[in-house]
Amino acid sequence: MIYVDNRTGSKELFRLFPKGMATLTHLEYGDFMLHGHGDGADIAIGIERKTIGDFVNSMCSGRFSGRQLIGMMNSYHYLYLVIEGMFRANPQTGVLEVWRRGGWQEHTAGKRRFMARDIWAFMNTIQVVCGFHCYHTSRDTDTACYITALHHWWGKEYAEHRGHLQPHTGRVVELSKQTLVRRVASCLDGVGWEKSKAIDQKFGTVEELVQATSDELMEIEGIGKGLSQSIIKQLRGGHHNGT
């Protein structure tokens with residue numbers, strides 16, 4: 001079953017799924033949820049859908065990299081982000097353009113312009129640092145088809161996915177998985193990878209980070225009053241007392 005959040009931004013796709021495959025419900029985090037077969041256990045899969053405009057706005061506001069991101073990482077075993085809408089880099093300038101009213105037009109948020117590389121870089125950060133699988137679709141029908149394909153894939157037993165693959169016999173590189181605190185902090189606007197290390201060393205859990213005061217954050221080298229208040233706003237969804 002595909003569980004579809006019953007709020008605007010998700011429920012519009014309900015009619016696009018095959019009859020009987022999806023159901024409307026309330027999801028605390030994410031737009032869609034699947035249950036699937038993991039390696040030895042059943043798991044929950046969360047899917048967030050954003051139009052290219054929503055994705056750009058979330059880059060500016062930090063809304064996705066705050067409460068939404070933390071909630072999804074704590075709620076699901078596997079995470080997907082689907083970015084919907086036609087966009088490209090202008091062939092001459094690299095400026096972000098979207099397909100609108102039959103032609104390519106520069107996309108802006110207020111007076112702010114964006115380079116297409118900014119979009120791809122943020123997508124890569126979400127994938128590499130935060131563990132999301134990012135996928136791009138052109139329109140809502142493609143998004144529904146992609147989620148249907150995920151539903152089919154995760155519905156199979158985990159071992160079935162290995163049958164057509166060549167066994168890997170090369171050297172396996174062991175990588176240490178970064179803590180949840182650092183992965184969350186590194187996705188916050190203005191923080192980045194280096195400052196996230198210092199944040200990780202100061203706060204033991206995501207809950208401690210979310211409850212941190214501006215003064216506590218400013219104890220970290222490279223974080224001033226402006227950035228500390230921005231971090232709090234992103235993590236708490238815009239409601240804080242600044243202390």
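Test Gly30 against the stated conditions and say whether it is in a loop (DSSP other than H, G, I, E, B), surrounded by fewer than 13 Cβ atoms within 10 Å (Cβ to Cβ) and either touching a residue at least 12 places away in the same chain (Cβ under 8 Å) or not basic (Lys, Arg) (or both). Walk me through it before giving the result.
Values: in a loop (DSSP other than H, G, I, E, B): yes; surrounded by fewer than 13 Cβ atoms within 10 Å (Cβ to Cβ): no; either touching a residue at least 12 places away in the same chain (Cβ under 8 Å) or not basic (Lys, Arg) (or both): yes.
Spelling it out, it is not the case that Gly30 is in a loop (DSSP other than H, G, I, E, B), surrounded by fewer than 13 Cβ atoms within 10 Å (Cβ to Cβ) and either touching a residue at least 12 places away in the same chain (Cβ under 8 Å) or not basic (Lys, Arg) (or both).
If you go through region 3-30 one residue at a time, how many are modelled with pLDDT of 95 or more, acidic (Asp, Glu) and under 18 Å from the mean Cα position of the chain (by Cα)?
Going through region 3-30 one residue at a time, the tally reaches 1.
How many of the residues in region 117-144 are more than 12 Å from the chain's Cα centre (by Cα), in a helix (DSSP H, G or I) and either without any contact (Cβ under 8 Å) to a residue 24 or more places away in the chain or surrounded by fewer than 14 Cβ atoms within 10 Å (Cβ to Cβ) (or both)?
Keep residues of region 117-144 that are more than 12 Å from the chain's Cα centre (by Cα), which gives 117-121, 136-144.
Retained after the next criterion (residues that are in a helix (DSSP H, G or I)): 117-121, 140-144.
Of the ones still in play, those that are also either without any contact (Cβ under 8 Å) to a residue 24 or more places away in the chain or surrounded by fewer than 14 Cβ atoms within 10 Å (Cβ to Cβ) (or both) are 117, 120-121, 141.
Of the residues in region 117-144, 4 are more than 12 Å from the chain's Cα centre (by Cα), in a helix (DSSP H, G or I) and either without any contact (Cβ under 8 Å) to a residue 24 or more places away in the chain or surrounded by fewer than 14 Cβ atoms within 10 Å (Cβ to Cβ) (or both).
Would you mention how many residues in region 33-43 are modelled with pLDDT of 95 or more and either under 16 Å from Gly71 (Cβ atoms) or exposed (fewer than 13 other Cβ atoms within 10 Å of the Cβ) (or both)?
Residues in region 33-43 being modelled with pLDDT of 95 or more and either under 16 Å from Gly71 (Cβ atoms) or exposed (fewer than 13 other Cβ atoms within 10 Å of the Cβ) (or both): 1 in total.
Residue under question is Glu12, and the condition is that it be in contact (Cβ under 8 Å) with a residue 40 or more places away in the chain and assigned to a loop (DSSP other than H, G, I, E, B); does it hold? Give the derivation first.
Details: in contact (Cβ under 8 Å) with a residue 40 or more places away in the chain: yes; assigned to a loop (DSSP other than H, G, I, E, B): no.
Here the answer is no, as Glu12 does not meet what is asked.
Any idea how many residues of region 183-235 are within 21 Å of Met59 (Cα to Cα), of a type in the set (A, V, I, L, M) and not in a loop (DSSP other than H, G, I, E, B)?
Number satisfying all stated conditions: 10.
Just one of the numbered conditions (1) in contact with a Phe, Trp or Tyr (Cβ under 8 Å, 6 or more places away or on another chain); (2) outside any helix (DSSP H, G or I); (3) of a type outside the set (Gly, Ala, Ser) is not true of Pro18; which one?
Unmet for Pro18, out of (1) in contact with a Phe, Trp or Tyr (Cβ under 8 Å, 6 or more places away or on another chain); (2) outside any helix (DSSP H, G or I); (3) of a type outside the set (Gly, Ala, Ser): (1).
In region 33-47, what count of residues is obtained for those that are without any contact (Cβ under 8 Å) to a residue 40 or more places away in the chain and charged (D, E, K, R)?
Of the residues in region 33-47, 1 are without any contact (Cβ under 8 Å) to a residue 40 or more places away in the chain and charged (D, E, K, R).
Could you count how many residues in region 61-99 are crowded, with 17+ Cβ neighbours inside 10 Å, modelled with pLDDT of 95 or more and in a loop (DSSP other than H, G, I, E, B)?
Counting residues in region 61-99 that are crowded, with 17+ Cβ neighbours inside 10 Å, modelled with pLDDT of 95 or more and in a loop (DSSP other than H, G, I, E, B) gives 1.
Is region 97-112 home to any residue that is within 21 Å of the chain's Cα centre (by Cα) and of a type in the set (Phe, Trp, Tyr)?
Taking every residue of region 97-112 in turn, none turns out to be within 21 Å of the chain's Cα centre (by Cα) and of a type in the set (Phe, Trp, Tyr).
The values are calculated or read from the model by the stated rules, or taken from the named source; none is laboratory data. These figures come from a predicted structure and were not determined experimentally. Note that we place each Cβ from the backbone using ideal geometry, even for glycine, and neighbour counts take in every protein chain shown.
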